[in-house]
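Student: Got a structure for you, questions after.
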Amino acid sequence: MTDGKVIGIIAIKGGVGKTTTVVNLAASLAREQGKKVLVIDANFSSPNLSLHLGFAKHGYSLNSVLNDEVMVHEAIVEHEWGFDVLPASLTADRVNPLKLKQKISVLKKQYDVILLDSSPSLNDELLGTMLAADELFVMSSPDYATLSTTLRAVKLAKEKNIPIVGLIMNHVRGEKHEISFEEVENAVHIPVLAVLQNDQKVLEALAAVQPITMYRPMNKVSLEYRRLAAALVDAPFKDPSPVSKIVNKFKEDVENFRNHDFRNGLNYYK
């Protein structure tokens, strides 16, 4: 087995859907793509990944690992949704986030994908995630306040020579006052790879303590998460929605029409 990939999901602003994205990508990768996935809560100041996963109490944590109290394997929790979790402590245990890369390096041989849920603050916690990741995705939303923090995150990653694969745009309403994706891409020079609509069903899923990809698999946000998860592991994704099937069938019919050899039919009239 080749070494797995460590992917950091980062943002220098709270409330942009970073943890929600990590959970949904993990569920899709494990349940649909059959990948062995580990999710790590690297938000030490205010960890909330465990709350998204339905458990607040656990044994050892990543804090214990970074403080050399236990081996990293002892702190990993197997979750019912098909992936493993390395939670952070809900108490304020002081840690050195810059040790994260060294502590989790041994896990790359055991997992296909390791997802890091980073701190939303410009501090050593965020830097620890950046240094531990093989590649980064930046969460943003189509407003100037968030774009300014996105620019700071991109600048820091470039200074550390850590590749940012793309942007994940969240809370998109399609309204005139929103910044266009072209403007965002031109500002940060990074492509927008996923667009997540602002949808009440996402909040319902959070209240039900489920990923939206499980709560409403055919929801537009779910389909975008599932498409992105497939892209992360270079897997094909066929949009299963009825509208997509109709559109694809139409495209197929048009392509067949274009490629059809009409010469035999024309000979009939000679």
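Student: I'd like the full set of residues that are outside any helix (DSSP H, G or I) and among the basic types (Lys, Arg), limited to segment 75-104.
Tutor: Within segment 75-104, just ARG94 meets the criteria.
Student: Do you know which of the residues in segment 159-217 that are closer than 20 Å to LEU29 by Cα and touching a His at 6+ places or on another chain (Cβ under 8 Å) is surrounded by the most Cβ atoms within 10 Å (Cβ to Cβ)?
Tutor: LEU196
Student: List every residue pair whose Cβ atoms lie under 7 Å apart, where the two residues are 6 or more positions apart in sequence or sit on different chains, the first residue falls within segment 188-210 and is within 13 Å of LEU51 (Cα to Cα), and the second residue, located anywhere, is surrounded by fewer than 17 Cβ atoms within 10 Å (Cβ to Cβ).
Tutor: Short answer, once both residue conditions are applied: VAL209/GLY54.
Student: What pairs can you find where one residue is in segment 92-114 and within 17 Å of VAL233 (Cβ to Cβ) and touching a residue at least 40 places away in the same chain (Cβ under 8 Å), the other is hydrophobic (A, V, I, L, M, F, W, C) and surrounded by 15 or more Cβ atoms within 10 Å (Cβ to Cβ), and their Cβ atoms are less than 6 Å apart, with a gap of 6+ or different chains?
Tutor: Once the first residue is within 17 Å of VAL233 (Cβ to Cβ) and touching a residue at least 40 places away in the same chain (Cβ under 8 Å) and sits in segment 92-114, its partners that are hydrophobic (A, V, I, L, M, F, W, C) and surrounded by 15 or more Cβ atoms within 10 Å (Cβ to Cβ) give TYR111/LEU38; VAL113/LEU29; VAL113/VAL37; ILE114/VAL6; ILE114/LEU38.
Student: Just name the residue that is nearest to SER121 (Cα to Cα) out of those in segment 153-171 that are over 15 Å from the mean Cα position of the chain (by Cα) and aliphatic (A, V, I, L, M). Walk me through it before giving the result.
Tutor: In the first step, residues of segment 153-171 are kept if they are over 15 Å from the mean Cα position of the chain (by Cα); the result is 153-163.
Subsequent filtering for residues that are aliphatic (A, V, I, L, M) retains 153-154, 156-157, 162.
Values: ALA153: 10, VAL154: 14, LEU156: 12, ALA157: 14, ILE162: 18 Å.
Here the answer is ALA153.
Student: Here's a follow-up. Which of the residues spanning segment 105-156 are closer than 15 Å to VAL6 by Cα and assigned to a helix (DSSP H, G or I)?
Tutor: If the condition is that a residue be closer than 15 Å to VAL6 by Cα and assigned to a helix (DSSP H, G or I), then SER105, VAL106, LEU107, LYS108, LYS109, LEU126, LEU127, GLY128, THR129, MET130, LEU131, ALA132 are the ones that fit.
Student: Could you identify the single residue in LEU86, LEU62, LEU66 that is in contact with a Leu (Cβ under 8 Å, 6 or more places away or on another chain), hydrophobic (A, V, I, L, M, F, W, C) and more than 24 Å from LEU29 (Cβ to Cβ)?
Tutor: Going through LEU86, LEU62, LEU66 in turn, just one is in contact with a Leu (Cβ under 8 Å, 6 or more places away or on another chain), hydrophobic (A, V, I, L, M, F, W, C) and more than 24 Å from LEU29 (Cβ to Cβ): LEU66.
Student: Tell me, yes or no, whether segment 94-102 has at least one residue that is at pLDDT below 95 and crowded, with 19+ Cβ neighbours inside 10 Å.
Tutor: Checked against the condition, which is being at pLDDT below 95 and crowded, with 19+ Cβ neighbours inside 10 Å, segment 94-102 yields at least one hit.
Student: Something else: For segment 157-165, state whether one or more residues are at pLDDT 90 or above and over 21 Å from LEU49 (Cβ atoms).
Tutor: Scanning segment 157-165, I find at least one residue that is at pLDDT 90 or above and over 21 Å from LEU49 (Cβ atoms), so the answer is yes.
Student: Also, quick follow-up: Looking only at segment 59-74, how many residues end up being of a type in the set (D, E, K, R) and in a helix (DSSP H, G or I)?
Tutor: We begin by selecting, within segment 59-74, every residue of a type in the set (D, E, K, R); these are 68-69, 74.
Now narrow it down to the ones that are in a helix (DSSP H, G or I): 74.
Qualifying residue count, segment 59-74: 1.
Student: Moving to a separate point now. Of the residues SER46, SER28, which single one is under 14 Å from the mean Cα position of the chain (by Cα), over 19 Å from SER140 (Cα atoms) and not in a strand (DSSP E or B)? Even if it seems obvious, please write down each step before you answer.
Tutor: Details: SER46 fails: under 14 Å from the mean Cα position of the chain (by Cα).
Just one listed residue meets the conditions, SER28.
Student: Whether any residue in segment 110-121 is surrounded by fewer than 16 Cβ atoms within 10 Å (Cβ to Cβ) and of a type in the set (Asp, Glu) is what I want to check.
Tutor: To start, the set of residues in segment 110-121 that are surrounded by fewer than 16 Cβ atoms within 10 Å (Cβ to Cβ) comprises 110, 121.
Add one more test, that the residue is of a type in the set (Asp, Glu), and what stays is none.
No, every residue in segment 110-121 fails to be surrounded by fewer than 16 Cβ atoms within 10 Å (Cβ to Cβ) and of a type in the set (Asp, Glu).
The values are calculated or read from the model by the stated rules, or taken from the named source; none is laboratory data. Quantities reported herein were computed from a predicted structural model and do not represent experimental measurements. Because the Cβ atoms are built from the backbone with ideal geometry, glycine has one as well, and the counts that use them run over all protein chains shown.
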